There are 2 protein chains.
Amino acid sequence: MSAASLNPVSAADVEHFAGIGIAVERLDGRAEEPYNVDALKRYMGSVDVVLLPESTEQVSQILSYCHERRIGVVVQGGNTGTAGGALGRHDEVLLSLRRMNAVRDVDAVAGVLVADAGCVLEDLDAHVRQLGFIVPLDLGSRRQCMIGGNVSTSAGGLRYLRYGSMHGNVLGVEAVLPDGRVLDALSVLKKDASGYDIKQLFIGAEGTLGVVTAVSIALAPRPASSRVAVLGLGDFDKIHRAFVLARQHLGEIVSAFEFWERRCNELTVEFCGHPDLLARPHAFYVMVETRGSVARHDAEKMEAFIAALRDADLVDESRELSDPDGMDAAWLFRSDMARAHMLSGCMYVYDFSLPPRHQYALLDATKNRLRSMAMYGGPDDPVKDVTIFGHIGDDNIHLQVIARQYGGPVEAAVEPWIYTWVGSHGGSVAAEHGLGAHKGPFLKYAKSPAVIETMKSLKRLLDPRGIMGPGKHVAIA
Amino acid sequence: MSAASLNPVSAADVEHFAGIGIAVERLDGRAEEPYNVDALKRYMGSVDVVLLPESTEQVSQILSYCHERRIGVVVQGGNTGTAGGALGRHDEVLLSLRRMNAVRDVDAVAGVLVADAGCVLEDLDAHVRQLGFIVPLDLGSRRQCMIGGNVSTSAGGLRYLRYGSMHGNVLGVEAVLPDGRVLDALSVLKKDASGYDIKQLFIGAEGTLGVVTAVSIALAPRPASSRVAVLGLGDFDKIHRAFVLARQHLGEIVSAFEFWERRCNELTVEFCGHPDLLARPHAFYVMVETRGSVARHDAEKMEAFIAALRDADLVDESRELSDPDGMDAAWLFRSDMARAHMLSGCMYVYDFSLPPRHQYALLDATKNRLRSMAMYGGPDDPVKDVTIFGHIGDDNIHLQVIARQYGGPVEAAVEPWIYTWVGSHGGSVAAEHGLGAHKGPFLKYAKSPAVIETMKSLKRLLDPRGIMGPGKHVAIA
């Protein structure tokens with residue numbers, strides 16, 4: 001199962017693929033976008049051979065051949081991942097799904113979309129709009145990311161709080177197994193309790209158990225009304241108390257509950273040039289979004305929520321937005337936060353889930369550790385900033401360590417220590433960005449040995465020759 | 001892997017279990033409730049030895065011993081299943097989880113419940129009530145069914161439309177593997193994309209891959225307001241058109257959309273003595289439920305929905321209910337429908353999912369087949385009634401064939417024909433009741449060979465000696 005037992009892709013192999021009508025691009029390892037450079041430009045691939053199948057049948061032919069010849073295969077969709085999972089090495093073929101981009105079917109009564117894996121998320125959302133639906137997933141990368149990749153990475157995104165996980169929303173998957181067999185589990189049914197739910201294995205497998213070639217997904221009603229409130233708060237505990245009040249007063253219409261701390265706000269103003277969303281600075285910020293079917297009802301609920309926050313003395317400042325431009329500006333401020341951090345220095349970004357009671361402690365623990373190692377706190381220390389922002393209600397915290405340079409003692413001080421801290425506090429080492437090329441070894445800090453052994457045995461069962469995503473994901477756990 | 005290679009449970013085995021402190025009951029195959037009789041009194045077990053572990057550790061000891069000695073194990077929760085999955089034979093041990101019934105934790109910020117598998121669904125719902133939550137699952141059997149069984153059968157229930165599937169709502173599972181190893185996947189996190197989602201395998205496995213001993217589940221906010229509308233409609237197509245309008249006008253507050261046809265209504269009035277919900281008879285009935293956080297908003301939305309139905313000429317009669325007694329009576333009418341059928345004759349009940357466009361055709365096809373075989377339509381024919389009711393929006397249709405007696409030519413006329421019809425129309429042969437003891441052989445009509453082979457390979461991987469649920473589920477697919 002080790003990558004060492006695989007054969008490098010040869011000129012004869014390329015000839016074979018071209019001979020059976022599969023489109024091939026040759027890169028010779030060049031840092032060609034999109035194939036060999038990732039979205040954050042942090043990871044680089046070095047692939048030579050890119051295969052661009054146009055059908056499930058062609059994907060099956062490719063895998064069948066690679067299985068027989070023991071050639072490594074890396075699967076790539078929109079290549080918007082941040083964990084290096086979709087990049088490959090010179091001795092593998094890169095299987096890009098971008099030419100498989102047809103919508104297969106929409107059932108307007110059931111609200112179910114069936115689409116090829118290479119469909120871009122935003123295109124799918126546009127496709128179902130006139131029927132009164134949305135795709136129940138929204139990500140910053142919506143203009144490039146593809147639905148097959150969304151499923152394969154179990155993407156979470158901005159409105160998980162409202163629409164839930166891919167494990168709940170994906171109804172079916174068509175996948176090609178590593179030996180080339182087509183696994184047709186492309187059901188469009190919501191309730192189905194007939195046997196093990198095989199499609200679930202491919203949700204979050206990051207292309208290591210086969211290639212997802214098509215997906216069916218339950219759509220959500222397109223909201224007629226949306227509102228945003230931005231809140232300024234004095235301490236972290238108040239964020240959770242505000243969240244409990246949101247559940248009570250905004251109930252069925254709350255669709256996002258984002259938070260960030262003062263330093264995130266300052267960096268976004270400084271490096272992206274966005275105007276502050278509130279008039280005064282605050283220790284913490286919350287952005288609440290509602291989506292509903294009757295604007296007046298939503299406005300009344302939001303009003304009651306803000307009043308309850310004030311009664312409980314939880315907010316120092318609040319601002320409501322319901323005009324599209326104002327809401328867009330607020331979302332842009334929030335979504336540019338990662339970019340602002342990146343512009344401010346050398347960013348280490350961590351994508352964790354943690355139970356609410358440990359969320360803020362992570363920031364404190366990280367700062368304390370770096371301070372105790374004399375790396376943070378002084379004007380010339382190697383770490384400039386340690387910040388958190390994230391999504392309340394789905395446990396997902398993004399922690400940033402901004403260093404003056406990459407590598408060296410800062411990286412060694414933070415990793416793997418931060419993964420051990422998260423694992424020992426009941427967290428996940430990869431909330432929504434996946435394990436990719438490097439996080440497999442950290443899995444042991446957060447998952448029990450029996451769970452990891454079961455994962456590895458599934459990998460051996462479905463990909464006995466280890467051709468899919470060699471050297472990645474649980475293969476290195 | 002066949003049951004033939006298993007050893008019957010012996011007196012020495014029973015002594016061993018008692019000796020390590022596990023509570024044992026001996027039935028000697030008696031039709032003792034709850035262990036050897038199912039909820040519908042259709043299936044009977046013939047188990048002698050019932051084990052009642054009190055901890056995960058004891059479950060582990062039992063499985064470890066049974067694995068070593070190759071003894072079959074059948075897992076039972078509340079024994080409210082309708083497919084015989086929780087009943088066993090004389091040569092297996094029945095592992096009952098009813099003594100493992102502690103609530104382990106509730107996180108009132110995140111809204112997450114962690115509970116032992118043997119907790120009764122209604123007890124859990126009562127437990128989280130004062131914190132403002134509900135368990136996002138509701139079944140007719142709520143007073144007896146247990147959460148471990150709900151997870152193991154991937155229970156769907158009455159409000160799937162609003163709250164979605166167990167695959168989305170279950171955050172973690174603690175399970176004991178067939179060899180006795182404890183698989184701690186009891187995460188309380190919502191977003192987690194770190195490796196294969198192992199817990200998903202146990203959702204719907206019906207105890208054939210191990211024993212689910214504890215569950216963590218994402219809770220939903222308890223609604224402050226609920227309303228019901230009962231509608232009378234002239235044809236089936238109008239049900240789907242009304243459903244599309246419900247999505248538009250009731251959007252985020254619709255929580256159930258049940259339908260039944262005239263004959264179901266008549267049987268419920270006749271055999272359960274319930275007063276009719278509407279003043280006049282109709283070809284079809286719909287019961288819509290809303291759940292929201294502000295009663296006035298919900299009332300306005302319901303009013304707009306009913307007005308839209310009238311504008312589109314979809315309903316002939318409608319009745320709104322918002323008083324608790326009236327709503328309870330309406331739900332009792334709906335939930336007694338299955339009992340009414342049972343009282344009216346010898347009931348064959350089928351639990352299918354079908355895409356909307358094939359739902360009504362199933363009823364027609366079944367009636368036509370039975371008519372063409374001279375079994376239905378005349379006053380003395382062996383089939384008295386063929387009816388459907390179900391949940392719109394989650395594709396789940398219950399079809400009943402009421403015969404004058406069980407077995408014989410009626411059963412042979414309907415099965416397996418009805419499973420082939422459902423499979424060839426994109427349906428599922430078990431929407432929410434599971435495969436149990438008898439539906440494994442029908443799986444091939446609805447799932448592709450590669451899917452069934454993958455299921456079987458998972459079974460061999462996790463239960464190589466085939467001790468869990470021998471002769472059931474995919475073991476007989």
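Some points to look at:
- Residues that are open to solvent by 30 Å² or more (accessible area, probe 1.4 Å), farther than 17 Å from residue A:109 by Cα, touching a strand residue (DSSP E or B) at 6+ places or on another chain (Cβ under 7 Å) and assigned to a helix (DSSP H, G or I), drawn from segment A:126-162: A:161, A:162
- Residue, farthest from residue A:69 (Cα to Cα), within segment A:148-159, restricted to residues that are out of contact with any Leu (no Cβ under 7 Å at 6 or more places or on another chain) and at pLDDT 95 or above: A:154
- Residue within segment B:251-258 that is of a type in the set (Ser, Thr, Tyr) and over 30 Å from residue A:305 (Cβ atoms) present: no
- Considering A:81, A:29, the condition of being touching a Ser or Thr at 6+ places or on another chain (Cβ under 6 Å) and at pLDDT below 95 is satisfied by A:29 alone.
- Residue A:414 being more than 11 Å from every other protein chain (Cβ to nearest Cβ) and hydrophobic (A, V, I, L, M, F, W, C): yes
- Any hit, segment B:450-462, residues being modelled with pLDDT of 95 or more and closer than 21 Å to residue B:87 by Cα: yes
- Residue within segment B:443-465 that is closer than 27 Å to residue B:183 by Cα, open to solvent by 30 Å² or more (accessible area, probe 1.4 Å) and away from every other protein chain (no Cβ under 12 Å) present: yes
- Contact map, segment A:265-293: residues that are within 14 Å of chain B (Cβ to nearest Cβ) paired with residues that are open to solvent by 70 Å² or more (accessible area, probe 1.4 Å), Cβ distance under 6 Å, separation 6+ or inter-chain. Pairs shown: A:293/A:224.
- Residue in segment B:395-406 that is touching a residue at least 24 places away in the same chain (Cβ under 8 Å), facing chain A (nearest Cβ under 10 Å) and assigned to a loop (DSSP other than H, G, I, E, B) present: yes
- Residue B:384 being in contact (Cβ under 8 Å) with a residue 24 or more places away in the chain, more than 12 Å from chain A (Cβ to nearest Cβ), among the basic types (Lys, Arg) and not in a loop (DSSP other than H, G, I, E, B): yes
- Those strands (runs of 3 or more DSSP E) lying entirely in segment B:163-279 with at least 2 residues open to solvent by 10 Å² or more (accessible area, probe 1.4 Å) and under 24 Å from residue B:392 (Cα atoms): B:225-233, B:254-261
- Residue in segment A:356-380 that is farthest from the chain's Cα centre (by Cα), counting only those that are open to solvent by 10 Å² or more (accessible area, probe 1.4 Å) and touching a residue at least 60 places away in the same chain (Cβ under 8 Å): A:361
- Among the residues of segment A:97-120, those that are in contact (Cβ under 8 Å) with a residue 24 or more places away in the chain, buried (at least 17 other Cβ atoms within 10 Å of the Cβ) and within 14 Å of chain B (Cβ to nearest Cβ) comprise A:106, A:107, A:110, A:111, A:112, A:113, A:114.
- Residue in segment A:423-435 that is more than 27 Å from residue B:219 (Cα to Cα), within 7 Å of chain B (Cβ to nearest Cβ), in a loop (DSSP other than H, G, I, E, B) and not hydroxyl-bearing (Ser, Thr, Tyr) present: yes
- Segment A:237-249 residues that are more than 10 Å from every other protein chain (Cβ to nearest Cβ) and over 12 Å from residue A:306 (Cα atoms), paired with ones that are open to solvent by less than 40 Å² (accessible area, probe 1.4 Å) and in a helix (DSSP H, G or I) (beta carbon under 9 Å, 6 or more apart): A:238/A:309
- If you check B:352, B:333 for being of a type in the set (Phe, Trp, Tyr) and either farther than 30 Å from residue A:216 by Cβ or surrounded by fewer than 16 Cβ atoms within 10 Å (Cβ to Cβ) (or both), only one passes: B:333.
- Of the residues making up segment B:280-320, those that are within 22 Å of residue B:158 (Cα to Cα), open to solvent by less than 20 Å² (accessible area, probe 1.4 Å) and not in a helix (DSSP H, G or I) number 8.
- Boolean, residue A:437 is out of contact with any helix residue (DSSP H, G or I) (no Cβ under 7 Å at 6 or more places or on another chain), open to solvent by 30 Å² or more (accessible area, probe 1.4 Å) and on the phi < 0 side of the Ramachandran plot: no
- The listed residue being among the small types (Gly, Ala, Ser) and closer than 13 Å to residue A:330 by Cα, out of A:279, A:246, A:283, A:256: A:256
- In a residue-by-residue description of segment A:123-136, the property of being of a type in the set (Gly, Ala, Ser), within 9 Å of chain B (Cβ to nearest Cβ) and in contact with a helix residue (DSSP H, G or I) (Cβ under 6 Å, 6 or more places away or on another chain) applies to no position.
- Filter result for residue B:63 (part of a helix (DSSP H, G or I), crowded, with 18+ Cβ neighbours inside 10 Å and out of contact with any helix residue (DSSP H, G or I) (no Cβ under 8 Å at 6 or more places or on another chain)): yes
- Residue A:35 being touching a residue at least 40 places away in the same chain (Cβ under 8 Å) and either assigned to a strand (DSSP E or B) or under 19 Å from the mean Cα position of the chain (by Cα) (or both): yes
- Tally, over segment B:209-243, of residues that are over 25 Å from the mean Cα position of the chain (by Cα) and within 30 Å of residue B:189 (Cα to Cα): 2
- Among (1) within 7 Å of another protein chain (Cβ to nearest Cβ); (2) under 17 Å from the mean Cα position of the chain (by Cα) - the single one residue A:206 does not satisfy: (1)
The values are calculated or read from the model by the stated rules, or taken from the named source; none is laboratory data. Predicted model only: the values in this text are computed from it and were never measured. For neighbour counting, all protein chains shown are included, and Cβ atoms are generated from backbone atoms with ideal geometry for every residue, glycine included. Remember, those area values only see protein heavy atoms, side chains included, never the ligands or the DNA or RNA. Shrake-Rupley method; radii C 1.70, N 1.55, O 1.52, S 1.80 Å.
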